[in-house]
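Structure first, commentary second.
The values are calculated or read from the model by the stated rules, or taken from the named source; none is laboratory data. Just so we're clear, the structure is a prediction, and the values are computed from it rather than from any experiment. A quick note on method: Cβ atoms are made from the backbone with ideal geometry, for glycine too, and the neighbour counts reach across all protein chains shown. These area figures cover heavy atoms from the full protein model, side chains too; ligands, DNA and RNA do not enter into them. Shrake-Rupley method; radii C 1.70, N 1.55, O 1.52, S 1.80 Å.
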Amino acid sequence: MNAMIDPLKLPLWQGGEVLHCMTRIEETHDCATFVLAADHPVHFSYRPGQFVTISVEIEGAKHYRAYSISSTPSRPESLAITVKRVPGGLVSNYLLDHFKEGGQLEVSAPAGEFYLDTDAVPKEVVLLSAGSGITPMMAISRWLLDHRHATTIHFVHSAHSGHDVIFREELLAMKTRHANFRLELFLSQADNQIACHSGRLSAERLNALFPEVDSSRIYLCGQEKYMEMIENWRNERGIADAQFHKESFTPELAEPIAEDAEIFQLTVPAFGKTTEIRAGQSLLEAMEKEGVPIIGACRSGVCGSCKCKVTEGKTESSSTATLTPEEVAAGYVLACSTHAKSELVVELAN
């Protein structure tokens, strides 16, 4: 891009269009960052910590997934997502195996309620992450440091080994260059190559690191068991909801469906579809199998892409994270987090 052009004076990128991969950065042996840009001059605007939904065509079928943005809006010329390989991860593994510089992805507008409030920057943040949960924390840290805020950043990250630390070299550089950036790495397999705490993070270790957290804004993102441990610590410490923010794109682990599980009828009239849904099976899974064009991006009750309306029947939901009380009262549910309790008639949300 011409250095004389102020990116912020370019048209705002609105989402819902194809972006091309400018650069692929190999972060670790099983993780890569894809730096994306539009084919026409735009600037990208979002809150540090938000996510985008991408669509990928694999063997003739379109699949949607949500990824946190790892770049920062203080560098508006491009947008980046960082993808880690996961066992059985259809889209993530496809991207790592096939997506490279010059490739194209359809990308939604940034969304999500997990972000740093850039209009009310706190004096201290505690960023707790494990594995690929590091991506929104990097966006937050990059934004704070780019804007030279005096905010004390406690960056606490857990990984298997030093070789598995995503953004490792940048994190070490941040620690060296910025006195307000406090890096605490917890490695299950520690070595002498990187300064770290040996072993896993625990409530006791958190208490030692943070004897006082009354003035801190705390952000959490990671695998399910890691987040449960942090949640328990948070409850024990009595940390207020206003201080605590969490994000998870870990798909809910479905309980095995019993062979004698009750079977209900699921109808989606607008698409002429009627199928069976078993007790314990998610609406999303049942509709996807029947070919209903519902978008399931995060698959963990976070992003809201699979919102639909149950017009007849009873359901049980484990998440209503993106729904308003009015929507819940009107029958809207998140299909990835909802199970049938009776015969159902469903409409896709507009």
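Descriptive notes on the structure:
- Normalised by residue count, the chain yields a Cα convex hull volume of 165 Å³ per residue.
- The phi-based Karplus calculation (6.51 cos²θ - 1.76 cosθ + 1.60; θ = phi - 60°) puts the 3J(HN,Hα) values of the stretch 113-122 at 9, 9, 6, 7, 6, 6, 8, 9, 5, x Hz, whole numbers, x for Gly and Pro.
- Lacking any other cysteine beta-carbon closer than 4.7 Å, the following Cys residues of the chain have no compatible partner: C21, C31, C196, C221, C306, C308, C336.
- Inter-site label distance for R24 and A203 at 7 Å from Cα along Cβ, in nm: 4.4
- Loop-located trypsin sites (Lys or Arg not before Pro) in the stretch 140-246 (DSSP state not H, G, I, E or B) with no more than 15 neighbouring Cβ atoms inside 10 Å: R148, R200.
- Nonlocal amide H pairs with A109, under 5 Å, H built at 1.01 Å: G16
- Qualifying lysines (Cα of each under 18 Å from Cα of K289; at least 8 residues distant if same chain): K62, K273, K307
- The relative contact order of the chain, computed from alpha carbon pairs under 8 Å that lie at least 6 residues apart in sequence, is 13 percent.
- Per residue, the solvent-accessible area of the stretch 1-93 (1.4 Å probe, heavy atoms of protein chains only, all protein chains present) comes to 47 Å².
- Here the chain has 48 percent of its accessible surface on carbon and sulfur atoms, given a 1.4 Å probe and all protein chains in place.
- For the stretch 265-328, the solvent-accessible area works out to 49 Å² per residue, with a probe of 1.4 Å and every protein chain left in place.
- Segment D146-N93, length gained on full extension (0.36 nm per residue, minus Cα span): 15.9 nm
- The stretch 258-350: relative contact order as a whole-number percent, Cα under 8 Å and 6+ apart: 35
- Tilt relative to the chain, helix 224-237 - C-alpha long axis, 0 to 90 degrees, to 10: 70
- Sparse packing (at most 13 other Cβ atoms within 10 Å of the Cβ) combined with a DSSP loop state is found for the following trypsin sites (Lys or Arg not before Pro) in the stretch 277-348: K314, K341.
- Distances between placed amide hydrogens fall under 5 Å for E124 paired with T152, R217, all partners being 5 or more residues away or on another chain.
- Put simply, the stretch 12-110 fits an ellipsoid with semi-axes of 21, 15, 12 Å; these come from the alpha carbon gyration tensor as the roots of five times its eigenvalues, largest first.
- For the stretch 95-173, the solvent-accessible area of protein heavy atoms averages 39 Å² per residue (probe radius 1.4 Å; ligands and nucleic acids excluded).
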